[in-house]
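**Q** Encoded as structure tokens, here's the structure I'll be asking about.
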Amino acid sequence: MDTKWKKYLFWFAHEHVDFRIAEMESILDMFKITSRTILKPKEHPFWIVELPSINCVYQIASRSVSLRYCLELWAMSKDIETLHSCLKSYTNENIEHYRKQSFKINVKTFCKHFSQKDKVGKIELFNYLPLEGSVKLNNPELNLYYFEYYGLDPNCIPQKPFHLFFGRWIIDGQRDLIQKFSLKTRKFIGNTSMDPQLSLMMANQAQVQNGDLVLDPFVGTGSLLIAASQFGGYTLGTDIDYLMLHGRTRPSRISQKSRDIDENVAANMNQYGITSYFVDVVVADFSCQLWRDTLSLDAIITDPPYGVRESTERVGSTKTGSTIEAHQIETHIPSKVVYDLNEIFQDLLNFSAKHLKINGRLVCWFPLFTEDHSEEFVPTNSCLQLLASSEQILSANTSRLLLTYRKVREPQL
């Protein structure tokens, strides 16, 4: 296996732009991959990096859902003449292994469209490549890509591209999982079920791996459990909403009049063939002590209620001195009071500091008004280190941050 440091081009889907770096850095750290960044993705959809082995590429691609595909980068430039010059000097010794393989050259553009005739013309400019194999349009042994990047503004497309790339396709990312876990075809969903792409990103930032124990304390319909179990985590959750966990709430789909009798979190796990990773869900109030002090978790991933589409409640009463008679206990439904958002996050961080393993991660959403976007509003805990904060815009005035924490020390008694 090749262990020589090489340049690679990672091309990302152009969505959830602010989340790319956090996901990639979490994956690199999880697999203990050393890299040398040449060009880091900010708004542009590509990342150029040097890696010590192609095995590193396979590890990254086995997890990332923001990644479309990865290329072994043979040449890059800002003008076509220099690109061809670099490619000619690269190919002689490096292309020898692929010389007799069947091949195909794909022309890709970003923010500009070319006709098929234009693409063929560009492909013919690479006729100097020392390839002796036959051209094969379907399933070639060697897939080559030529990219032209024209920036991000479709209303102001430059005459010439900003960046040009040429390389060998290695592997795709995990974009197929987004369709696999689509809410449109999922058995059990609710009004606040998490988008599958964001769920998978959260599991990546939590560094969920085979055998990890993962908790969602505000589990809802279990979207985050699905993502964590997909990567081998044993998952469990709690929620105060009895009707939700038992699949008795009003259906979220307009066309559905009532829920099926087997509509629940377990049904979702069965649908995706990951039942063996599902521990259970429990009706519980997160503000009340439920777990033993010895509970040790590898990760906590959650989307706490914000009080918009989902109420923030905990068990309690505004009445003083109220009592429950013995004959009422069996059928008694506890009253609830508002669970203040600040209290929720204080309890969540304190719980994480207590029950996470050292280096275990908490990944959670935090709502805020756009005008209040400041680090001073982000919740903190002395035992938790904030690693990443990625913003998702919800409206003109509101957004939410995906916060990733790592436990760095045990709480002092």
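The values are calculated or read from the model by the stated rules, or taken from the named source; none is laboratory data. No experiment lies behind these values; they were computed from the predicted model shown. Cβ atoms come from the backbone with ideal geometry, glycine included; neighbour counts cover every protein chain shown. These accessible areas exclude ligands, DNA and RNA; they are computed on the full protein's heavy atoms, side chains included. Shrake-Rupley method; radii C 1.70, N 1.55, O 1.52, S 1.80 Å.
**Q** Name the residue from Tyr306, Leu348, Ser223 whose Cα lies farthest towards the positive end of the charge dipole of the chain, charges +1 on Cβ of Lys and Arg and -1 on Cβ of Asp and Glu.
**A** Ser223
**Q** Now for a separate question. What ranking of Leu295, Leu9, Leu125 comes out by heavy-atom accessible area, probe 1.4 Å, highest first?
**A** Output order, biggest surface exposure first: Leu125, Leu295, Leu9.
**Q** Given springs between every Cα pair under 10 Å in a Gaussian network model of the chain, which of Ile171, Ile105, Ile157 has the largest fluctuation?
**A** Ile157
**Q** Same structure again: Accessible area, 1.4 Å probe, largest first: how do Asp340, Asp176 sort?
**A** Largest accessible area first, the residues go Asp176, Asp340.
**Q** Follow-up question, since we're still on this one. With +1 on the Cβ of every Lys and Arg and -1 on the Cβ of every Asp and Glu, and nothing else charged, how large is the dipole of the chain about its Cα centre, in debye rounded to the nearest 20?
**A** 1360 debye
**Q** Counting pairs of alpha carbon atoms under 8 Å apart in space and at least six apart in sequence, what relative contact order in percent does the stretch 76-186 give?
**A** Reported as a whole number, the value is 33 percent.
**Q** What is the Cα centroid distance between the stretch 5-54 and the stretch 66-92, reported in whole angstrom?
**A** Comparing the Cα centres of the stretch 5-54 and the stretch 66-92, I get a distance of 17 Å.
**Q** Hey, another quick one. Per 0.36 nm of contour for each residue apart, how much would the distance between Ile123 and Leu183 grow if the chain were fully extended, relative to their Cα-Cα spacing?
**A** 17.6 nm
**Q** Taking 8 Å as the Cα distance limit and 6 or more residues as the minimum spacing, I'd like the relative contact order of the chain as a percentage.
**A** 12 percent
**Q** Moving to a separate point now. Any idea what diffusion coefficient the chain gets from Stokes-Einstein, in µm²/s, Kirkwood Rh on alpha carbon pairs, 4 °C, 1.567 mPa s?
**A** The diffusion coefficient I find is 54 µm²/s.
**Q** Turning to a different aspect of this structure: Using 0.36 nm per residue, how much length does the chain from Glu15 to Asp262 gain when fully extended, once their Cα-Cα distance is taken away?
**A** Full extension of this stretch gives 85.5 nm more.
**Q** Could I ask something else about it? Taking amide hydrogens as modeled 1.01 Å from N in the peptide plane, which residues meet the under 5 Å criterion relative to Val281, leaving out close sequence neighbours?
**A** Correct list: Gly237.
**Q** So which lysines pass the test for Lys108, namely a Cα distance under 23 Å, with those fewer than 8 places away in the same chain ruled out?
**A** Cα-Cα hits under 23 Å: Lys6, Lys7, Lys40, Lys42, Lys78, Lys88, Lys117, Lys119, Lys122, Lys136, Lys160.
**Q** Right, next: Averaged per residue, what accessible area in Å² does the chain show with a 1.4 Å probe, protein chains only?
**A** Solvent-accessible surface per residue comes out at 52 Å².
**Q** Rounded to two decimals, what is the ratio between the C-alpha radius of gyration of the stretch 71-176 and 2.2 N^0.38 Å?
**A** 1.10
**Q** Can you give me the Cα centroid spacing of the stretch 197-265 and the stretch 348-413 in angstrom?
**A** 21 Å
**Q** What percent of all Cα-Cα pairs in the stretch 12-104 falls in each 5 Å bin, counting up from 0?
**A** 2, 11, 19, 21, 18, 14, 11, 3, 0
**Q** Also: Hey, if you drop one equal point scatterer on each alpha-carbon of the stretch 117-177 and run the Debye formula without solvent, what base-10 log of I(q)/I(0) do you get at q = 0.12, 0.16, 0.26 Å⁻¹?
**A** -0.45, -0.76, -1.24
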